Amino acid sequence: MPNNEKPIAARAKSKSKKKLSERSIGYFLIAPSLILILVIAIWPVFQSFYYSMFDLRLNNPSKSEAYVSYKVDLHTYLDNFPFLINALEEEAETASGKTKVELKEIQSNLERIDAELKKDNDLKARYDEVDEKLMVMKPISEELAVADIEKAVALQLEKTTNETTDRVRKLKSELENPDDAIGLSSSLSDSVITPNFIGLKHYKDNLADKRMWKAIQNTTIFTVISVFVELVIGLAIAILINKAFFGRGLVRATILIPWAIPTAVSALMWKYLYDGQNGIVAKVFEEIGLIDRMTDLLTSSNGAMFSVIFADVWKTTPYMALLLLAGLQTIPSSLYEAAAIDGASKWKQFVKITLPLLKSSILVALLFRTLDAFRVFDLVYVLTGGGPANSTETISILAYKVMFNQTNFGEGSALAVIVFVCVAVISIIYIKFLGRDLLNDK
């Protein structure tokens, strides 16, 4: 007995090692793909989430980057500080009484905070280097110019520069060149860079923003209607071109033409067709009573949404038909022959054979088209721009406008993350409820 157990244990151990080796090889083979997915798909999401926690605004120099600590821009500081001191000295020379005393006091406060900056040896070294380069007009890198500074010193510098601007403005009527001093002191205050970390504030604001919820509503309406119509028409087309008839190859090629046209080009084409004065489609819709006036298609809320959905259905239905056609061709024709012999009608064959065996193809087609429709951007951007009155503004269009038109990269990144979350939720719902039996997911 012991002799038999020993070979069995050895074989089990060998089999386990072989299985482990095969698994390791499998992981090794898919590792490049996983790394590629991580770099191209996952990392940008994490980067967007990181930026969304900052008040990033490209139109504001002090918020153009993500800062978690107080800093001072020595380039801006030294571009204004010496000239401000000179301007105050010149004004003090010509002034008298209380005005002269106050100008001297303002100057003294600025020089005191300047001396405070130079107490830090590392900061003083960079201070002198930037000052020297400014004197000889050499370029200054941002890495050299922007330096860390203690919070207390930064707050004191900010307070002093703001007080300087306010006090000089009050003395404006008594100064010879007040605009110079006011401009220099205002610019000097820009040298203080405060942390722009705001945590989850962008998400909190967006979740309370009616415009964002309206954009999600528009996106959902567009997605549900367009995908449903494309599925119905695409399935009908797929069944049609799956049959053998004369010229089937030409018909298949012709059907794919709308899908092959770039989205921006097709959107521009439909924009001309919907034109309220010369649009052929607009004229036809008016003639058949679908709309009251030709201009309603692009100038009314319902008309604009209908126009976008109609154009998307025209363009993307061939893609849906192509995916479903691939599924139809995997169904053996013998099943239909056997059903026909048993007396099953065409509708019965469709319900009992076609739909069940086409379920996996329908799932894939619906998943791809739903995700694509929910992220729609170029079609809407070219056709309506999100108008009129934001009636066709999707969540992607809103994110684009906030990020690029308003240069608010923090909030725009938050909206991009929200789009990602919505897409992830849609994927989970499809796989969980529609593809459970297909993926053997318990």
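What the table shows:
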read-out	value
The chain, relative contact order in percent, only Cα pairs under 8 angstrom and at least six apart counted	20 percent
Segment 312-442: equivalent-ellipsoid semi-axes (sqrt of 5 x gyration tensor eigenvalues, Cα, Å)	41, 18, 10
Cα gyration tensor, segment 201-306 - rounded (a/c under 1.5), prolate or oblate	oblate
Calculated FRET value between Tyr27 and Leu268, using beta carbons and R₀ = 41 Å, to 0.05	0.30
Segment Phe228-Leu155, length gained on full extension (0.36 nm per residue, minus Cα span)	20.5 nm
Helix-only CD estimate at 222 nm, as mean residue ellipticity for the chain, using -39500 (n - 2.57) per DSSP H run (n ≥ 4)	-22000 deg cm²/dmol
Paramagnetic reach from Ala389 in segment 268-295 [backbone N under 18 Å; point 7 Å along Cα→Cβ]	292-293, 295
Accessible surface of the chain [probe 1.4 Å, protein heavy atoms]: carbon and sulfur percent	61 percent
Cα gyration tensor category, rounded, prolate or oblate, for the chain with a/c compared to 1.5	oblate
Pairwise label distance in nanometres, Ile257 with Asn59, each label 7 Å out on the Cα-Cβ vector	4.5 nm
Lys359-Glu142 FRET efficiency (beta carbon distance; Förster radius 56 Å; 0.05 resolution)	0.50
Proximal charge balance of Asp312 [Cβ under 13 Å; K/R count +1, D/E count -1]	0
Net charge contributed by nearby residues that have their C-beta within less than 15 Å of Leu273 (K/R +1, D/E -1)	-2
Helix axis angle, 97-117 relative to the chain longest principal axis, alpha carbon, degrees	50 degrees
Where N is the number of residues in segment 108-262, Cα Rg divided by 2.2 N^0.38 Å	2.16
Whole-Å distance, taken between Cα centres, linking segment 400-434 and segment 237-274	30 Å
Counted charge near Leu325, where neighbours are those whose Cβ lies closer than 12 Å (Asp, Glu -1; Lys, Arg +1)	+3
Those residues of segment 227-259 whose amide nitrogen sits under 19 Å from the label point placed on Val425, 7 Å along Cα→Cβ	227
Highest-first arrangement of 56-62, 133-139, where packing means the average Cβ count within 10 Å	56-62, 133-139
Protection-proxy order for peptides 202-210, 362-370, 329-337, each taking the mean of Cβ atoms within 10 Å per residue, highest first	362-370, 202-210, 329-337
Selection from Pro61, Phe81, Ile30, by position along the positive dipole direction of segment 25-145 (Cβ)	Ile30
Nitroxide proxy distance, nm - points 7 Å out along Cα→Cβ at Val39 and Ile341	5.7 nm
Label-point separation, Phe197 to Ser69 (7 Å along Cα→Cβ), nm	1.1 nm
Accessible area (Å², per residue) of the chain, counting only protein heavy atoms and a probe of 1.4 Å	59 Å²
R0 of 35 Å, Cβ-Cβ distance Phe46-Phe433: FRET efficiency to nearest 0.05	0.80
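The values are calculated or read from the model by the stated rules, or taken from the named source; none is laboratory data. Keep in mind that what you see is a predicted model, and the values were worked out from it rather than measured. Using ideal geometry, Cβ is built from the backbone for each residue, glycine included, and neighbour counts are taken over all protein chains shown. Each accessible area value is taken on the protein alone, full model and side chains, heavy atoms only, with ligands, DNA and RNA left out. Shrake-Rupley method; radii C 1.70, N 1.55, O 1.52, S 1.80 Å.
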